[in-house]
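**Q** One structure follows; several queries about it will come next.
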Amino acid sequence: MLKKGLFRNPKNELEGSGKRRKSVSDKKKAEGMKAQFVCPVCKENMAWNEFAENYFVCDCGYHYKMGARQRIDFIADTGTFRELYADLTSKDILSFPEYAEKLKRAQATSGEKEAVICATAKIAGIDCAVFTMEGDFMMGSMGSVVGEKITRLFEYADQNKLPVVGFTVSGGARMQEGIISLMQMAKTSGAVKKHGDNGGFYLCVLTNPTTGGVTASFAMEADIILAEPGALIGFAGPRVIEQTIRRKLPPGFQTAEFLLEKGFVDRIAPRSEQRELVGKILSLHEKRR
Amino acid sequence: MNNAYEKVKLSRAKDRPTALKYIENVFEDFIEFHGDRYFADDPSIVGGIASLNGIGITVIGIEKGAGTKEKIRRNFGSPNPEGYRKALRLMKQAEKFSRPVVCIVDTSGAFPGIGPEERGQGLAIASNLMEMMTLKTPILSIFIGEGGSGGALALAVADEVWMLENAMYSVISPEGCASILWKDSKRVKDAAESLKLTAQDMLELKVAEKIIPENKKDFSVMSRYLKKHIVEFLKEKQRLDIQTLLEKRYQRFRAYGEFFEK
């Protein structure tokens, strides 16, 4: 559906500003007729290909989900992506009911081996270690593999003096690996700390949704935290909170904008501005030799 | 088969001794300190200094409260962010004055509410995980009852974790697991079994180093046992230079996880 390099080289300023492009080839139009995106917020229809060219953002500002590989394509300079630790796959360590089948299904539906992709890539010409999470893989949950890949990436970035740029989307720790999933929170936090203590720079973009054990570990541990508009970000999920306090949550609770107001994220970063913004921030963190 | 859920019930039993009882019986001269210096004092977490055989210790515990009134005041041992921030403040103080840290863990989890989300529950836990990993003093965490997820881990990035015989430690409560995975609260027992959350499981999975035998009839037997072993732990850890201690702590957590490669 999405061609590699689709987001490369905006032809003009407008293209990067979130405006819908008007000129679409007849062929693309025909494809678009088959697949329409209906925005859950404003209910407008949009052709899929047009929607994809608009970084999966509706004209009303709604940010639709983006796959881990689409993210990397989106943020990295063309042809600079080198995947790391791609061979790691999960093991049903506790013989947890239905886990093995769920893993297989997740691999089939997402087309990924696990819920995170790690890589080295250039962003705005700067060498980085990058991770992007895959929401379609068991809700981006963190088990041994996600924990191990994130930890290795930070250790690699520490050894090679690279900044880390990450995009989170996660329902939290993966129940099916029990306490070992919980331990990944401490494990990743240790690696983030080591990278940071040695002067490494870490930028994280929180996307919809980022909750639970990922929020309470590497998502919130970045030097600079950006968030996509409207993203749900929190520790406890809204349903759990409602059940606990037995009342409805106020509108806008736990959104990116709410976190900005409360002082927990540095900036809201619409997708159309992310490449430029992340590039600028990275260039200001380049080490002088 | 349903042994695990029986243990969960024991770990939550109403008459189970809470953190303060351990603190008062195992240590001497406990002086409680309050507040996170930013927002408030969280009664769910108690902390301060005490002595153990003449050694100064920083002690921090999650306190569920004994009796209904106390339980309500202490939010049933479900901490708010300011509780975790108070704990971190006291740990940093322990580092400064070279005091070892002993944490007593007993919580169903960090409190899921409006206030804690507004004040950064996720960040508070994350900060403790990061800072404890490199805290330059020995840390011991003892689970006396429930060890509920991130809210327990935020006081358990330690050099060793000990579990009381009937304590539990889990990524999610068996109730939460059954309702999310199977939409069936009746499968709580299956969930408890599948999650592998008992003290014995923790020993097998190398999440804990020691199981502390319980003595329901005579609390002093347990507190003497704990005292003896904590003293030994401190002796052993204080022999290590700080860099070795921290490297061991990092590797302790680095080793968790099993997967296929290729």
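Read-outs throughout are calculated quantities, based only on the coordinates presented, and are distinct from any laboratory measurement. As the structure is a prediction and not an experimental result, all values here were calculated from the model. With ideal geometry, Cβ positions are generated from the backbone for all residues, glycine too; neighbour counts draw on all protein chains shown.
**Q** Do the alpha carbons of any pairs in B:Lys9/B:Lys86; B:Lys71/B:Lys189; B:Lys96/B:Lys136 sit beyond 19 Å of each other, and which pairs?
**A** Numbers: B:Lys9/B:Lys86 29 Å; B:Lys71/B:Lys189 26 Å; B:Lys96/B:Lys136 8 Å.
Correct reply: B:Lys9/B:Lys86; B:Lys71/B:Lys189.
**Q** Given contacts defined as C-alpha pairs under 8 Å and at least six residues apart, what's the relative contact order of segment B:7-127, whole-number percent?
**A** Numbers: 211 pairs, mean separation 30.2, N = 121.
It rounds to 25 percent for segment B:7-127.
**Q** Continuing with the same structure: Just tell me which aspartates and glutamates come within less than 12 Å, Cα to Cα, of A:Lys262; anything on the same chain fewer than 8 places away is out.
**A** Here the aspartates and glutamates satisfying the reach criterion relative to A:Lys262 are B:Glu117, B:Glu118.
**Q** Could you list B:Lys217, A:Lys91, B:Lys235 so that the one with the fewest beta carbons within 10 Å of its beta carbon is first and the one with the most is last? Let's see the in-between values first.
**A** Details: B:Lys217 6, A:Lys91 18, B:Lys235 10.
Exposure proxy ranking, most exposed first: B:Lys217, B:Lys235, A:Lys91.
**Q** By a straight-distance test (C-alpha under 15 Å), which aspartates and glutamates pair with B:Lys237 as possible cross-link partners, with residues fewer than eight away in the same chain excluded?
**A** B:Glu95, B:Asp159, B:Glu160, B:Glu209, B:Glu247
**Q** Given an 8 Å cut-off on Cα distances and at least 6 residues of separation, report the relative contact order of chain A as a percent.
**A** 14 percent.
**Q** To continue, here is another question. Fewest first, what order do A:His195, A:His63, B:His34 take by the number of other Cβ atoms within 10 Å?
**A** With the sparsest Cβ surroundings first, the list reads B:His34, A:His63, A:His195.
**Q** Per the helix-only calculation at 222 nm, which mean residue ellipticity applies to chain A, given -39500 (n - 2.57) for every DSSP H run of n ≥ 4 and division by its residues, nearest 500 deg cm²/dmol?
**A** Estimated from H runs of four or more residues: -10500 deg cm²/dmol.
**Q** Among B:Glu214, B:Glu82, B:Glu165, determine the one that fluctuates most according to a GNM of chain B built with springs between C-alpha atoms less than 10 Å apart.
**A** B:Glu214
**Q** Sort by residue number and name the cysteines in chain A that have no neighbouring cysteine Cβ under 4.7 Å.
**A** A:Cys118, A:Cys128, A:Cys204
**Q** Further question: By counting other Cβ atoms within 10 Å of each Cβ, how are A:Glu112, B:Glu63 ranked from fewest to most?
**A** Fewest to most other Cβ atoms nearby, the residues stand as A:Glu112, B:Glu63.
**Q** Moving on to the next point. If you average the C-alpha positions of segment B:40-83 and of segment B:126-163 separately, how far apart do those two centres end up, in angstrom?
**A** 15
**Q** Near the amide H of B:Ala110, under 5 Å away, which other amide H atoms are found, from residues 5 or more places off or on another chain, if H is placed in the peptide plane?
**A** Under 5 Å from the amide H of B:Ala110 lie the amide H atoms of B:Gly151, B:Ala152, each far enough along the sequence or on another chain.
**Q** Setting aside same-chain residues fewer than 8 positions from A:Lys65, which aspartates and glutamates have a Cα under 19 Å from its Cα?
**A** By straight Cα distance, A:Lys65 reaches A:Glu44, A:Glu50, A:Glu53, A:Asp73, A:Glu112, A:Glu114, A:Glu134, A:Asp136, A:Glu228, A:Glu257, A:Glu273.
**Q** Now for a different question. Can you give the relative contact order of segment B:1-68 as a percent, counting alpha carbon pairs under 8 Å and 6+ residues apart?
**A** Details: 77 pairs, mean separation 20.3, N = 68.
In percent, rounded to a whole number, it is 30.
**Q** Could you check which residue among A:Asn208, A:Asn198, A:Asn49 shows the biggest mean-square fluctuation in a GNM of chain A with a 10 Å Cα cutoff?
**A** A:Asn198
**Q** Can you pick out the pairs among B:Lys183/B:Lys206; A:Lys122/B:Lys248; A:Lys43/A:Lys248 whose Cα atoms lie more than 27 Å from each other?
**A** Going by Cα-Cα distance, B:Lys183/B:Lys206; A:Lys122/B:Lys248 fall outside the 27 Å limit.
**Q** If I build a Gaussian network model for chain B, linking alpha-carbon pairs within less than 10 angstrom, which residue out of B:Glu118, B:Glu131, B:Glu232 has the largest mean-square fluctuation?
**A** Sorting by GNM fluctuation, first place goes to B:Glu118.
**Q** Could you tell me which helices of chain B pass both thresholds, a Cα extent of 20 Å or more along their own axis and a mean Kyte-Doolittle hydropathy of at least -1.0, with helices taken as whole DSSP H runs?
**A** B:219-238
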